[in-house]
Amino acid sequence: MSVNRFEITLPMMCATPDALPPKSATGGASTVILDIRGDWITKSAADQARRIITHRQSASTLLRVGRPDDEAGQTAIGQLATLRPHGFVLSGCGGAADIQKFDVMLRVAEATHGIDAGSIGLVAELGGDLAFLLSQASLKDVSRRLIAIIFDGNGVTQATASQTFNAAASRMGAPLLLARGAAVIKARQAGIDCYELLKGADGDPRITRDIALADGFSGVVARNAAQLEALSPS
């Protein structure tokens, strides 16, 4: 599969292996982002990912991992790449340099394990590292693998110790407003899609999706089975 032909199917869901609903874990049209950040360099995480990818067969599965900083990270990327996921979601991404570094590590993994060069996609997650938000560097042509940005509002509010909603001002918190706008602009500059990761306690996911679409996002990503069901076509 060529990265240039990669298409994310909707709706999407991001969850840990134990939180995936059976239907999404074994098939269906939704794209699953398997959140293995906590222990992604371990054999246990690879085994969990293998089981789910095998059950989902040709359905789109992305692996959400942390930033690899050493040889152990390169080894883990190689092991996960052999499972042939559609791509990786780089959580805690700090910007273009992190994307380029991960691209190189994927290139090494593909060459080492006989995987078609450039066949594994990459999604940059914006939110946890404020450097990504403050950087003026464009993501255009940073990596041919880069297929989308995912915006995590929870990461922004935690990193800035701010509130999602500023009750005194009767509006969304300022850091979150700035970050959401930056995510959409960076994606549009790069010519890629931008998806908003829903909060676990969001009200009606359909209303949140409509707000996201009006703000320029390409869509939203569910965090649980209830959100996924609400967003699925009736």
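Laboratory data are not the source of any read-out in this text; all were calculated from the coordinates shown. Values in this document were obtained by computation on a predicted structure and should not be read as measured data. When we count neighbours, we look across all protein chains shown, and the Cβ atoms used for this are built from the backbone with ideal geometry, even at glycine.
Below are the figures for this structure:
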{"item": "Relative contact order, percent, the chain [alpha-carbon distance under 8 Å, six or more residues apart]", "result": "18 percent"}
{"item": "Helix 71-81 vs. the chain, principal-axis angle (Cα, 0 to 90°, nearest 10)", "result": "90 degrees"}
{"item": "Spatially close lysines, pair count over region 3-231: Cα under 24 Å, gap of eight or more or interchain", "result": "6"}
{"item": "Cut-off under 5 Å, modelled amide H: who pairs with Asp193 long-range", "result": "Ile149"}
{"item": "Alpha-carbon Rg/Rh ratio, for the chain, with Rh computed the Kirkwood way", "result": "0.95"}
{"item": "Other-chain or far-sequence residues with amide H under 5 Å of Thr16's (modelled H)", "result": "Asp35"}
{"item": "In Hz, Karplus ³J(HN,Hα) per residue of region 158-170 (6.51, -1.76, 1.60; θ = phi - 60°; x = Gly, Pro)", "result": "5, 5, 9, 6, 10, 9, 4, 10, 8, 5, 4, 9, 6"}
{"item": "Under-5 Å amide H pairs with Asn166, H placed in peptide plane, nonlocal only", "result": "Arg171, Met172, Gly173"}
{"item": "Positive-end residue, region 3-231 charge dipole about Cα centroid, Cβ charges, pick of Leu178, Thr16, Ile115", "result": "Ile115"}
{"item": "Simple spin-label estimate for Leu130 and Thr75 in nanometres, 7 Å along Cα-Cβ", "result": "3.6 nm"}
{"item": "Inter-label distance for Ile207 and Ala169, nm, one decimal - labels placed 7 Å from Cα along Cα-to-Cβ", "result": "2.2 nm"}
{"item": "Karplus-derived 3J(HN,Hα), 6.51/-1.76/1.60, for each residue of region 105-116, Hz, glycine and proline x", "result": "5, 5, 4, 5, 4, 5, 5, 5, 10, x, 9, 3"}
